[in-house]
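Written out below as structure tokens is the structure these notes cover.
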Amino acid sequence: MKMLLTALLIAATALAGDNGWVKYKGNPVMGSPELGTCFDLNVVPWGKAKYNNYFSWRGQKCIALSYSEDGVKWTDPIKVLEPDPTSGWEDRLNRASVWYKDGTYHMWYCGQARGFTKIGYATSKDGLRFTRVSRDPVMISEYPHEGFSVMNPYVRWDDARGCWRMWYASGETYEPNVLCYAESKDGIHWERYSGNPIFEHGEPGSWDQDRIGGCEVHQLSNGKYALFYIGYTDINTARIGAAISKDGITGWERLKMNPLVEPTPDAWDGDACYKPSVTYDKENKRWLLWYNGRKGGAEYVGLVIHKGKKLE
């Protein structure tokens, strides 16, 4: 009953969007001048709450965890992985991706220092205290299209393939340019897809004409894959869209309803809407999408709801 009442409250207090993706009226749901910037969430079902949110806590330069039963009210953050300035590549941490497999929480995260971003790997038994698998990064920029940085990893285990699958952004450090793909048997050694990058900016004049940023990829009930991503009109103006692929690698087709989330003028997210984290709420038959919005220098987290399962 409590969850039903929460669902009705969210629906009743949301701001309608023309494409069916509706901003929660009480946004932002996380972040404040006191707490500081919270960004680049990865909301997962594994943990002590219905929604377990691993996010970047800018002021603390770390990966933190917060819990929620309704996706709106979040607990105070808990630091789960802090930077290691002695490493030479981890002055600050951000952009984590967590997956639970065989009794272990696996986290891939970004370390930033000296103008570069690299990807590290850590594990945990309780989802609260993570230990680095290696002091060195497990992925660094190696190809021209990867520029100075590899970042925003989204990793999931694929039973059919028997491997970890990673979608990641690469290019410039301030904001990346393209999305790429890699696979790994052990989470440490990664084999990049020979056709990288797999997803690039849109046509001139489109809402994502400038560059493409961090994503999440979810397998649909029909076996296809939905990629939720950041699209940039210019380096300071971002929106969120989605695309569909049969195999999660090739043949991506952008949704007709794009962009799904865009800035609301003069609001807390009036300049840009970044990094989606998405889940399908089977109980209430709706998609929940969290994102970080920016107005000026302040950046907080909002929620968007889409009723029904169909994406088009």
I need the Debye-formula profile for the stretch 115-167: one equal scatterer per C-alpha, no solvent, reported as log10 I(q)/I(0) at q = 0.14, 0.18, 0.23 1/Å, two decimals.
-0.48, -0.76, -1.03
Would you please report the Å³ per residue occupied by the convex hull of the alpha carbon atoms in the chain?
131 Å³
Please work out the Cα center distance from the stretch 18-35 to the stretch 225-266, rounded to the nearest Å.
19 Å
Sparse-neighbourhood loop hits (GluC sites (Glu not before Pro), the stretch 239-303; DSSP loop; Cβ within 10 Å at most 11 others) -> E283
Could you give each residue of the stretch 34-48 its phi-based ³J(HN,Hα) in whole Hz, using Karplus coefficients 6.51, -1.76, 1.60 with θ = phi - 60°, and x for Gly or Pro?
6, 6, x, 6, 10, 8, 6, 6, 9, 8, 10, x, 8, x, 7
Which pairs break 21 Å Cα to Cα here: K48/K73; K50/K125; K23/K48?
K23/K48
Once both label points are put 7 Å beyond Cα along the C-beta direction, the D102-S221 separation in nm becomes 3.2 nm
Please label the shape of the stretch 134-265 as rounded, prolate or oblate, based on the square roots a ≥ b ≥ c of the eigenvalues of the alpha-carbon gyration tensor (a/c under 1.5 means rounded; beyond that, a/b larger than b/c means prolate, else oblate).
oblate
Can you find, among P144, T237, Q219, the residue sitting farthest towards the positive end of the charge dipole of the stretch 91-238, where Lys and Arg contribute +1 and Asp and Glu -1 at Cβ?
Q219
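Using DSSP to call loops (not H, G, I, E or B), can you name the GluC sites (Glu not before Pro) in the stretch 70-153 whose Cβ has at most 15 other Cβ atoms within 10 angstrom?
Values: sites: E90, E142, E146; in loops: E142.
The qualifying sites are E142.
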How much of the accessible area of the chain, probe 1.4 Å, is carbon plus sulfur, in whole percent?
51 percent
Only Cα pairs under 8 Å and at least 6 apart count here; give the relative contact order of the chain as a rounded whole percent.
14 percent
So if R0 is 45 Å, what FRET efficiency would K25 and I235 give, r being the distance between their Cβ atoms, rounded to the nearest 0.05?
0.90
Cross-link partners among aspartates and glutamates for K118, C-alpha distance below 17 Å, same-chain residues fewer than 8 apart left out?
D40, E82, D84, E90, D91, D136, E142, E146, E172, E175, E183, E191
Just to be sure I understand the model, the point goes 7 Å from the Cα along the line to the Cβ. What's the resulting K307 to R114 distance in nm?
5.4 nm
Comparing Y181, Y291, Y100 in a Gaussian network model of the chain (Cα, 10 Å), the one with the largest mean-square fluctuation is Y100
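State the extension gain, in nm to one decimal, for the chain segment bounded by T123 and I78, taking 0.36 nm per residue of separation less the distance between their alpha-carbons.
14.6 nm
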Rounded to the nearest 0.05, what FRET efficiency do K61 and Y174 give with R0 = 22 Å and r taken as the Cβ-Cβ distance? Could you check?
0.85
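The stretch 125-190: which trypsin sites (Lys or Arg not before Pro) are DSSP loop and have at most 16 other beta-carbon atoms within 10 angstrom? If you can, show how the numbers build up before the last one.
Working: sites: K125, R129, R132, R135, R156, R161, R165, K185; in loops: K125, R129, R135, R161, K185.
Within the stretch 125-190, the qualifying trypsin sites (Lys or Arg not before Pro) (loop, at most 16 other Cβ atoms within 10 Å) are K125, R129, R135, R161, K185.
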Taking a quarter of the surface of the convex hull around the Cα atoms of the stretch 204-288, what do you get in nm²?
6.4 nm²
Cross-link reach list, aspartates and glutamates versus K101, counting only Cα pairs under 13 Å and skipping chain neighbours closer than eight places:
D126, D158, D159, D186
Tell me the relative contact order for the stretch 136-282 as a rounded percent, counting alpha carbon contacts under 8 Å between residues six or more apart.
15 percent
Heavy-atom accessible area per residue, the chain, 1.4 Å probe: how many Å²?
44 Å²
Antiparallel bridge percentage (DSSP; both residues within the chain; nearest 5)
100 percent
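The values are calculated or read from the model by the stated rules, or taken from the named source; none is laboratory data. Predicted model only: the values in this text are computed from it and were never measured. Note that each Cβ is placed from the backbone with ideal geometry, even for glycine, and that neighbours are counted across all protein chains shown. Ligands, DNA and RNA are stripped out before the accessible areas are found, and what is left, the full protein with its side chains, is counted by its heavy atoms. Shrake-Rupley method; radii C 1.70, N 1.55, O 1.52, S 1.80 Å.
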